[in-house]
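Asker: I'd like to ask some things about the structure below.
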Amino acid sequence: MRSALMVPTLTLLALAGCSAGGEESEAEATPVVAVRTAVVSEQPFTETVGAIGAVTARPGHVASLGAPTATRVQPLVALDRTAIDAAAQASEAALTAAQQAFERAQRLNREGVAPRKDVEQASADLGRARSEAIAARRASQLAVLHSPIAGVVTRLAAVLGASVDVNQPLVEVADPSALDIVLSVTPAEAGRVRPNASVSLSAGQKAGGEPLGTGTVTSVAAGVDSTTRGVPVRVRAPSTTRPLRIGETLFARIVVGTHARALAVPLEALVPDGEGFKVFVVDSASIAHAQPVTVGARSDSTAEILTGLEAGQRVVTYGAYGVDDSVKVTTAAPARPASDSATKP
């Protein structure tokens, strides 16, 4: 009887032991995600729009030179003078003949031999001959191209021995000390850009290139460029970290607004959630909770949060994509988000 009574007792103890061990194993198996966090801070936030552009000569500081008449190109852009000199000689001969004809018509009219209309016709012919002679002399003077401004040759379309038409651009000269940057923005962005706005410049076609300095918007075009379908924005950069080159591609951030007190988090804290975003807020027990947020302006590293967060809350940054709602996280020391310029998302 005694042995029979002890069997159930031992069984219960064994089951209890198994149950306790299972709970301990389950606790040990609870996932803990290693992440980094940042504190939501309230700070001034500068909103910008990004744009790509190129260095160009400033209007009024570039000259385009062409041939005064149809001719051929000679070395050093000295034009073939054969046709030019022949035209000048012919015009001078025609002028001499017209002058003599006019004087003869006047004499015959005074003597009563020729009518007044002959004098008037000779006078008109003389005036036309003078105009043609002046044009021919001018063409002869322009046989060697001279730039009206001091600068460097930025474009040379003249080909030795090739025929050129009247006023066909052959040489372009620009003043390297008077350069602007022409950016292209969308029509919607152009409506937010104002003259005198600050512009940060960097080399290349995207952010993160060699910093070149800061410029200022001088004008925003009233129309859309038919080639780029963007609105040209002209920027002047009085001083840069190195000389700019005509045709060089630059990336720019144009300041379009400043938010004096904005909530900001690092961009890596944002996790796509449908058509919007969410972040993971870490509570005092190191549990991460998914929180939908409304994002305002963004920069290369920082996002403005319009709704969904409060200053002082801690959010997951690095590792946010590997976090599930209500998971326990282990965190390093909270990192403060960097303040940066912002663009529209």
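Bear in mind that the values in this text are calculations on the coordinates, not laboratory data. Remember, predicted model here, so these are calculated numbers, not experimental data. Every residue, glycine as well, gets a Cβ built from its backbone with ideal geometry; the counts of neighbours run over all protein chains shown.
Asker: Packing-wise, with mean Cβ within 10 Å as the measure, how do 221-230, 317-326 rank, highest first?
Answerer: 317-326, 221-230
Asker: Ok, one more. Sort 111-122, 277-288 by the packing proxy (mean of other Cβ within 10 Å over each peptide's residues), most packed first.
Answerer: Output ranking for 111-122, 277-288: 277-288, 111-122.
Asker: Classify segment 89-248 as rounded, prolate or oblate, taking a ≥ b ≥ c as the square roots of the eigenvalues of its Cα gyration tensor: rounded when a/c is under 1.5, otherwise prolate if a/b is larger than b/c and oblate if not.
Answerer: Prolate, since a/c reaches 1.5 and a/b exceeds b/c.
Asker: Jot down the per residue volume, in cubic angstrom and as a whole number, of the convex hull over the alpha-carbon atoms of segment 201-345. Don't skip to the end; give the middle numbers.
Answerer: Numbers: hull volume 23.7 nm³, N = 145.
Roughly 164 Å³ of hull volume per residue.
Asker: Tell me which GluC sites (Glu not before Pro) from segment 227-288 have a DSSP coil assignment and no more than 11 other beta carbons within 10 Å of their own. Write down the numbers at each step before the final one.
Answerer: Details: sites: Glu248, Glu268, Glu275; in loops: Glu248, Glu275.
Answer by residue number: Glu275.
Asker: Moving on. Quick one: if the Förster radius is 30 Å, what FRET efficiency do Ser326 and Thr294 give, using the C-beta to C-beta distance and rounding to 0.05?
Answerer: 0.85
Asker: Right, here's the next one. Compute the length gained on full extension between Ala285 and Arg128: take 0.36 nm times their separation in residues and subtract their Cα-Cα distance, giving the result in nm to one decimal.
Answerer: Extra length available between Ala285 and Arg128 comes to 46.6 nm.
Asker: Which FRET efficiency, nearest 0.05, do Arg194 and Ala157 yield, Cβ-Cβ r, R0 30 Å?
Answerer: Rounded to the nearest 0.05, the efficiency is 0.20.
Asker: Nearest 0.05, what FRET efficiency do Thr249 and Thr82 give at R0 = 56 Å with Cβ-Cβ as r?
Answerer: Rounded to the nearest 0.05, the efficiency is 0.80.
Asker: Fully extended, how many nm does the chain gain between Ala260 and Ala311 (0.36 nm per residue separation, minus their Cα-Cα distance)?
Answerer: 16.9 nm
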